[in-house]
Structure formats: C-alpha cells, structure tokens
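J.: Have a look at this one before I ask anything.
The values are calculated or read from the model by the stated rules, or taken from the named source; none is laboratory data. Everything numeric in this text was worked out from a predicted model, so none of it was measured. Cβ atoms come from the backbone with ideal geometry, glycine included; neighbour counts cover every protein chain shown.
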Amino acid sequence: MGHAYTPGLKVTKRAVVRKQRLLPIKGDVLVKKGDKVKPNDIVAKTELPGIVLPVNLANRLGVLPADVPSIVTIKEDQRVEAETTIATSKSFFGLFTNEYKTPIASTLESVSNITGQLILRGDPIPVEVRAYITGTVTEIFPEEGVMIEEVAAYIQGIFGIGGEVDGTLEVISETLDDVVDEHKIKPEHKGKILVAGSLVTGAALNKAVEYGVSGIITGGFEDQDLKAFLGYDIGVAITGTEEKGISLVVTEGFGQIKMAPRTFNLLKSHNGHLVSINGSTQIRAGVIRPEVIIPLGEELQADIPSAESEGAALKIGAYLRIIRRPNFGEIGVVTELPPDPTKLDSGTYARILKLKLNKNGEEVIVPRSNVEMIEE
C-alpha cells in the first residue's frame, strides 16, 4: 500500500535551509562561492531602466513640429537634473519666452521633427538583493544571483504580511495563552522580532510600528484588526508587498489561538538569537508560507540530512493541525487511519482519520482533507 501524504507546516529544530537570491534582470554578483554572509549583506545588484517620459513639445511651446529640434538646448544622450530648462521658444515677435523644464532627473533619448515629440528617460533604478539569512554561498548564478545555505531552526506559519526582515528574537509572552496588547510593546523593542502567545491586538501592532519593531510572531490575529491595519480586505491575493513598516507571522490562524507548544518552546529556546522572518503568503496555487529562520551555531550543525524531505507521510502518531471548523486550529495525534472511505454527516463519502486532541484528550473523526501536518 502506498503512503498517504498531507500538506504540512514545518516546525523543526534543525534543517538545511536553502535560499536562491536572484536579480529581476541581469546584473553583478558581489560575492564568491564559499563566502559567509549575514542577512543585510548585499549579494547582487543591478539597475532597472528608468521610466520613459514622452513630451509633446510642439503643443506645449506652441511651435511647429519641424521647429522642435532647433529649440531644444541639450543634445541626445545628455543627462540633466530635475527642473532644468531644456527648450525655449519665442512668441509675439520675441516679446515672450516659453520654456520647458524637466520634471525629473533624466536623459534625452530622442527628438522628432515629425511629431514634435521628445522622449526623456528617468535615471536607472538601483536594485540590490540582500542575503536575507545568515549562511554560506554554495552556488553562483553568473549575472543573476546566488544560492545561500544554512543549518537552522525552521518554522512555517499559516498566514503573514510584510516582507523579509531580520532582528534579535525576544519572547514577550510568558505562556501560550498570553494576549499581547499595546502596553507590552516598549521602545527598547526597536529592531527586534517579538514572539507573542495566543494573540497580538491591533493596537499592539500599531504601537510596534511606532516603536520600529521589525516583526512579530504570534499564534493568532483578529481578522478585523488586520483589515483596519491594512485599510483593505486581504482577499486571496499573495501578501508580502505591504509597506507598513513591520512583518507579521501568524502560526495558528485568525482569532485568539494559542501557539502550538512545540513552536512556542522552539522559539523560546532561541530567545536572544538572530532570526530572519518573511510574512509572504499565498494560499492557493503555488503555495507560499510565511517563515521563521533561526541560524544555528556551527556546534549545533552536526548530523543534518543533506536535503529536506519531499513530503510528510501520514501515519499513526503523526502530529496534525485541524484547518476546518468546528475544531479549527486544534492540534492532535493520529490514532487511527481507516483505509476505506467513510460516510460523513453531510451524506458524502471521504477518507477520514481519528485524532486525539492535545487540548483535552478528546478523540475526534476528521476528513483527511481538513488537516495539515506539522512536520518535524
């Protein structure tokens, strides 16, 4: 009989984490294979072409298109600063002078005596790619980027917002049930990644932004607080591009849900360590999980498998999280895996499993499509 697999969230003390750091277009790679890098090290850079600004100069200055080249005072491929006069014309027998000033720093690309139009190109836009994690450069992709590898504690969340940030990990909740409100966010938390228990309030998140906190990891977060914080409903789109000054990783789900003990204890064991987090999330096709990466010291890197597992086998004793109501967010251990489809209350047939809940020891029957594995 073949193995059954179910989607899983990774929560592991030690794993090989590999990250490709790639440029959007070809550029320069700034590191070599074997180099040690830190999260804020720039590993590659390039320049995106500046914006194109077409200008109908004939209409603006009231001249014939054929006369436009003669009134332009700079040459093609010449760069000028913003608010520089690049064309002048006379009107009413020379009594009045009309001018055109560049709205942005730009380079003159072309002038047409047919359309009376000139094309300006804004300055190139520099793009730099950070390492994001502490690690070793294991592969170079010429003109494109690098592969960085590190042995780290690795945690995936259910949902998040904000992009890649790093900082010192600080657990500010004493227990899994703690609710973090605005009074628990302090000025000394600036630049840190904070760990909460069951909930972070919307007011606390706003206070964290005010004090310059880099990120927050929490068990739960209220949907209405998220909408108020962002100013819109998140829907099903990918997150991670929000520019709110902070990244958020939710490990369990929406509402007040205490963080899984394994996750909380793992974070607690690395209190004070450097950590990288990314809130980027995509729920549908091409699933992207928010993540927490805690690099381990060299003394803790022995006996690590050469590659991450391809999938998690669903078996007796596996830890699962229920991802549908009525027991949404609850964690338990698989006690039975009936092989044949079972008739549900809805009248449909589905493959099910029996799960012993950690919270109260109750054994529940759950469709296999309603659970998510916690990979260790």
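J.: Condition test on Glu174, is it over 17 Å from the mean Cα position of the chain (by Cα), at pLDDT below 95 and surrounded by 21 or more Cβ atoms within 10 Å (Cβ to Cβ)?
T.: Considered against the rule, which asks whether it is over 17 Å from the mean Cα position of the chain (by Cα), at pLDDT below 95 and surrounded by 21 or more Cβ atoms within 10 Å (Cβ to Cβ), Glu174 comes out as no.
J.: Would you mind finding the one in Glu182, Glu210, Glu174 that is under 27 Å from Pro39 (Cα atoms) and among the charged types (D, E, K, R)?
T.: The conditions single out Glu210.
J.: Tally time: how many residues in the stretch 226-264 are charged (D, E, K, R) and touching a residue at least 60 places away in the same chain (Cβ under 8 Å)?
T.: 5
J.: Within the stretch 11-26, which residues are of a type outside the set (Ser, Thr, Tyr), under 30 Å from Leu320 (Cβ atoms) and over 17 Å from the mean Cα position of the chain (by Cα)?
T.: Listed by number, the residues that qualify are Val11, Lys13, Arg14, Ala15, Val16.
J.: Assess whether Ile288 counts as being at pLDDT 85 or above, in contact with a helix residue (DSSP H, G or I) (Cβ under 9 Å, 6 or more places away or on another chain) and either β-branched (Val, Ile, Thr) or farther than 21 Å from Ala153 by Cα (or both).
T.: no
J.: List every residue pair whose Cβ atoms sit under 8 Å apart, with the two residues 6 or more apart in sequence or on different chains, where the first one lies in the stretch 322-346 and is over 26 Å from Glu252 (Cα atoms) and the second, anywhere, is surrounded by fewer than 10 Cβ atoms within 10 Å (Cβ to Cβ) and of a type outside the set (Val, Ile, Thr).
T.: Taking only residues 6 or more apart or on different chains, the pairs are Pro339/Met1.
J.: In addition: Got a sec? Which strands (runs of 3 or more DSSP E) wholly within the stretch 5-61 have at least 1 residues that are basic (Lys, Arg) and closer than 24 Å to Arg121 by Cα?
T.: By residue number, 42-48.
J.: Any idea which residue in the stretch 98-127 is nearest to the chain's Cα centre (by Cα), counting only those that are surrounded by 14 or more Cβ atoms within 10 Å (Cβ to Cβ) and within 18 Å of Pro24 (Cα to Cα)?
T.: Looking at the filtered set, the residue picked out is Val127.
J.: Glu143 is checked against (1) without any contact (Cβ under 8 Å) to a residue 40 or more places away in the chain; (2) part of a loop (DSSP other than H, G, I, E, B); (3) not hydroxyl-bearing (Ser, Thr, Tyr) and fails just one. What number does that condition carry?
T.: It fails just one condition, (1).
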